[in-house]
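Have a look at the structure below before the remarks.
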Amino acid sequence: TWVKNGNTWSYTFHNLPKEDENGNKYIYRVSEVVPDGYTSTQSGNNITNRSSEVEAGSLMVSKQVTGSGGNPTQEFTFTVTLSNQNLTGTYGQMTFVNGVATFTLRDGESLLADNLPAGTTYTVVEKEANQDGYTTTVTGGEGTIAADITASASFMNNRPGSNPSPDPDPDPDPDL
């Protein structure tokens, strides 16, 4: 059954046999041949076709933790929201569903979304920004994807001071 939702088409196969007459399980694969001028990518059961003539760019989201009180192993949650709400699929290292990707990064990590349509605007938000004693500085948290250019959204969390050290004598002698 074919269903169209915006620019997305889907087809559902019904009542396919699971095994042959000898009990061997079938493995079904779907592929699509696209005409010249188009590229096709597949992620699981999702096939995305794009005109090769459509200009595209990239978005890099990076994380840095600074300050003597910062925890470099802490995970921070990010959400990238695109103006193109029809964008669903894996683009480089980010997976979008209806134009939204959510992922975590630690100190020194980054993720790249590539082949994003030029002209698409984006907003990147860190869920834990300015919490737990951190001051968050964002560079490039909003912008527009430009053809053949990698936009950058950099997040730096600084927490000065040091982590509290344990009490050196947790069980002092009350008789002293």
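The values are calculated or read from the model by the stated rules, or taken from the named source; none is laboratory data. Predicted model, so just to flag it, every value in this text is computed and none were measured. Neighbour counts run over all protein chains shown; Cβ positions are idealised from the backbone, glycine included. Please note that ligands, DNA and RNA were not included when accessible areas were found on the heavy atoms of the full protein model with its side chains. Shrake-Rupley method; radii C 1.70, N 1.55, O 1.52, S 1.80 Å.
Observations on the model:
- Segment 67-109, subset open to solvent by less than 30 Å² (accessible area, probe 1.4 Å) and either of a type in the set (Ser, Thr, Tyr) or part of a loop (DSSP other than H, G, I, E, B) (or both), residue farthest from Ala151 (Cα to Cα): Gly69
- All of (1) farther than 20 Å from Phe155 by Cα; (2) out of contact with any Ser or Thr (no Cβ under 8 Å at 6 or more places or on another chain) hold for Thr66 with one exception: (1).
- Subset of segment 49-66 (residues that are surrounded by fewer than 17 Cβ atoms within 10 Å (Cβ to Cβ) and in a strand (DSSP E or B)): Asn49, Arg50, Ser51, Thr66
Matching residues to (1) closer than 15 Å to Ser58 by Cβ; (2) of a type in the set (Ser, Thr, Tyr); (3) in contact with a Leu (Cβ under 8 Å, 6 or more places away or on another chain):
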site: Thr88; (1), (2), (3): no, yes, no
site: Tyr91; (1), (2), (3): yes, yes, yes
site: Asn98; (1), (2), (3): no, no, yes
site: Thr104; (1), (2), (3): no, yes, no
site: Asn115; (1), (2), (3): yes, no, no
site: Tyr122; (1), (2), (3): yes, yes, yes
site: Glu128; (1), (2), (3): no, no, no
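- Meets criteria (of a type outside the set (Gly, Ala, Ser) and touching a Gly at 6+ places or on another chain (Cβ under 6 Å)) for Gln93: no
- Every condition in (1) open to solvent by 40 Å² or more (accessible area, probe 1.4 Å); (2) in contact (Cβ under 8 Å) with a residue 24 or more places away in the chain; (3) not aromatic (Phe, Trp, Tyr) holds for Gln131 except the one numbered (2).
- Number of residues in segment 111-125 that are in a strand (DSSP E or B) and either in contact (Cβ under 8 Å) with a residue 60 or more places away in the chain or more than 10 Å from the chain's Cα centre (by Cα) (or both) equals 9.
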